[in-house]
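Notes to accompany the following structure.
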Amino acid sequence: MRMSLVTDCLGFMSIEEMADTAVSLGYETLEFACGNWSKAPHVDLDNLLESSIQREKFVSALESRGLSIEVLNCSGNQLAPNEEGREHQIVVEKTFRLAELLGVKAINMMSGLPGGGPGDTTPNWITTSWPPINNEILDWQWNEIALPYWEKAVKQAKEHGIEKIALENHGSQLVYNPETLFKLRNHIGEMVGMNFDPSHLFWMGGNPILSLRKLGSAIYHIHAKDVRIEKGFVDTDGVLDTKTIDRFADRSWNYVALGHGHDTSWWKEFFSVLSMVGYDGPVSLEMEDLTMDPLTALKKSTNVFKEALPKDFD
């Protein structure tokens, strides 16, 4: 498994300083966000598309330090029935083009979430089968919007030399767990797999280690990110928490540095089972702990990462 880093957590650094920091911590490859829900701190998408000189400069800053681009990420909601959805789709298409120019074969993104019907202007995440109209909404979202979109998207990706699209199992998306991933994959084919992020399954009440066994060869990427279920808050109010993540002192769950939600022994088992199911690809550390400064959280996460990953760092 390759030790990768989602560079957003070092967004306050220049690309050179970020790369130096990544190397000093032992990272081998990098995952770059290209826009949409990320500010894309290290990727000027339009500039890189337009200028071969800028692309050469970008790649040189990495290769001169022994780093490479693992994957490009364009996570957003390209299925939103509004202007944001149209803007996010433009970033998706530009990311596909940039991947071809850089020789990157893998894309991380999300499945998207449509509205609840033809007249909607906002996305609608259905999480229960009641009232009965919910099932009608789901059928429309999948059959009229998602499946036709992904048939076209996969074709476009292949035209740009992309070999794998890994969808993150995120809330407020049609694909948010193994079951929904296979629903899409069984229709679209093996071009689509999962960017498995255990943190999201944690707060939804699932067991990420068991999910690895269910996903098997459908795992195309891993995000190493932790969640802590907050005692007291979750006991009285459950996990469906709509407070923004900057209100971490009041939430029923929070994204935290590795080891601050689940200890190192849990992560050792996670990576061991990941190896058992045959995965030997990239594992990208994604750090979103707001309870400490980013570099401190990254260093603490990296210590757990190195201890748990089945890899010799000597």
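The values are calculated or read from the model by the stated rules, or taken from the named source; none is laboratory data. The structure displayed is predicted, hence computed values, not measured ones. No Cβ is skipped: glycine too gets one built from the backbone with ideal geometry, and neighbour counts run over all protein chains shown. The area values use the complete protein model at the heavy-atom level, side chains included, leaving out ligands, DNA and RNA. Shrake-Rupley method; radii C 1.70, N 1.55, O 1.52, S 1.80 Å.
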Name the residues in region 66-83 that are within 23 Å of H223 (Cα to Cα) and surrounded by fewer than 17 Cβ atoms within 10 Å (Cβ to Cβ), would you?
G66, S68
Under 20 Å from A33 (Cα atoms), under 15 Å from the mean Cα position of the chain (by Cα) and surrounded by fewer than 20 Cβ atoms within 10 Å (Cβ to Cβ): which single residue out of S172, S199 fits that description?
S172
Looking at (1) on the phi < 0 side of the Ramachandran plot; (2) under 20 Å from the mean Cα position of the chain (by Cα), which one does D250 not meet, given that it meets all the others?
(2)
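So which residues in region 103-115 are in a loop (DSSP other than H, G, I, E, B) and open to solvent by less than 20 Å² (accessible area, probe 1.4 Å)?
Start the filter on region 103-115 by keeping residues that are in a loop (DSSP other than H, G, I, E, B), which leaves 103-105, 110-115.
Of everything in region 103-115, those that are in a loop (DSSP other than H, G, I, E, B) and open to solvent by less than 20 Å² (accessible area, probe 1.4 Å) turn out to be V104, M110, S111, G112, L113, P114, G115.
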Matching residues, region 257-291, being open to solvent by 40 Å² or more (accessible area, probe 1.4 Å), small (G, A, S) and free of Cβ contacts under 8 Å to residues at least 60 places away in the same chain:
S265, S272
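Under the condition of being of a type in the set (S, T, Y) and closer than 10 Å to S284 by Cα, which residue from region 18-34 is surrounded by the fewest Cβ atoms within 10 Å (Cβ to Cβ)? Please lay out each step first, then the result.
In the first step, residues of region 18-34 are kept if they are of a type in the set (S, T, Y); the result is 21, 24, 27, 29.
Within this subset, residues satisfying the condition of being closer than 10 Å to S284 by Cα are 27, 29.
Numbers: Y27: 23, T29: 19.
Out of the qualifying residues, it is T29.
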Could you check region 1-88 for helices (runs of 4 or more DSSP H) lying wholly inside it with 2 or more residues that are in contact (Cβ under 8 Å) with a residue 12 or more places away in the chain and touching a Phe, Trp or Tyr at 6+ places or on another chain (Cβ under 9 Å)?
15-25
With the checklist (1) closer than 21 Å to I107 by Cα; (2) without any contact (Cβ under 8 Å) to a residue 60 or more places away in the chain; (3) open to solvent by 30 Å² or more (accessible area, probe 1.4 Å); (4) not in a loop (DSSP other than H, G, I, E, B) in hand, flag the one item G193 doesn't pass.
(3)
Testing T122 on (1) under 19 Å from the mean Cα position of the chain (by Cα); (2) part of a loop (DSSP other than H, G, I, E, B); (3) of a type in the set (S, T, N, Q), one condition comes back false. Which one is that?
(1)
